[in-house]
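The values are calculated or read from the model by the stated rules, or taken from the named source; none is laboratory data. Note that this is a predicted model, so its numbers are computed, not measured. Counting neighbours? That spans all protein chains shown, and the Cβs are built from the backbone with ideal geometry, glycine included. These area figures cover heavy atoms from the full protein model, side chains too; ligands, DNA and RNA do not enter into them. Shrake-Rupley method; radii C 1.70, N 1.55, O 1.52, S 1.80 Å.
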Amino acid sequence: MAPAGNGPRSQAAVALVVRREPEPAFLLVRRARSPRDPWSGQMALPGGRRDPEDVDLRETAVRETHEEVGIDLDSSGVLVGRLPDLKPTSRAIPRLMIAPFVFLLSGGSDAHVASTEIAAVYWVPVADLSVPGARSALAVETPAGKREFPCYRVAGQPVWGLTYRILRRFLKSRLAELQPVAGGNDGGMVE
């Protein structure tokens with residue numbers, strides 16, 4: 001997929017889905033390998049581009065989560081909040097503005113591979129991001145040469161780039177306390 005140049009950014013949304021039992025954990029997916037996917041094979045959060053039919057970006061996150069991992073966040077999730085939008089820093093990635101929404105999953109729902117875009121799903125204990133060795137660096141070959149990026153190591157896989165940035169923001173925010181927001185459909189922005 002070629003970068004979109006200097007045109008307007010497309011909108012996308014991801015869902016950071018957290019469950020409390022048996023311990024606080026969040027959902028990650030490993031994207032299937034595809035030459036058409038700039039994030040092919042990478043660890044990510046469920047999500048994707050906004051469809052014209054989506055009322056808002058929250059709806060995009062809910063729809064994409066259901067399509068990719070079979071969880072209906074409208075019936076089994078509670079919106080906790082929204083982290084600040086972010087965009088890819090690489091010119092090789094499509095021009096996107098990504099809205100991360102944080103949902104607390106109520107009991108009884110579990111994730112599974114529900115789309116050919118997804119190779120695997122993982123529930124990762126939030127505490128695993130704080131253990132020694134969880135944070136490291138990943139060397140990536142870029143058009144400008146080899147670069148190192150910060151990452152988490154989860155299930156033997158690096159979690160880097162946009163997903164790493166979202167998880168760091170989440171851990172530093174008050175949203176990590178997992179208190180549902182009062183009113184408002186977009187969850188309110190939290191830094």
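Counting only protein chains, not ligands or nucleic acids, how are 142, 60 ordered by accessible area (probe 1.4 Å), most first?
Heavy-atom accessible area, descending, gives 142, 60.
Mind checking the full-extension length gain between residue 137 and residue 172? Use 0.36 nm per residue of separation minus the Cα-Cα distance, one decimal, nm.
Result for the pair: 10.6 nm of gain on full extension.
Loop-only trypsin sites (Lys or Arg not before Pro) in the range 34-82, please: DSSP not H, G, I, E or B, and at most 14 other Cβ atoms within 10 Å.
Sites meeting the loop and neighbour criteria: 36.
Based on the alpha-carbon gyration tensor of the range 20-154 and its eigenvalue square roots a ≥ b ≥ c, which shape applies: rounded if a/c is under 1.5, prolate if not and a/b is larger than b/c, or oblate?
oblate
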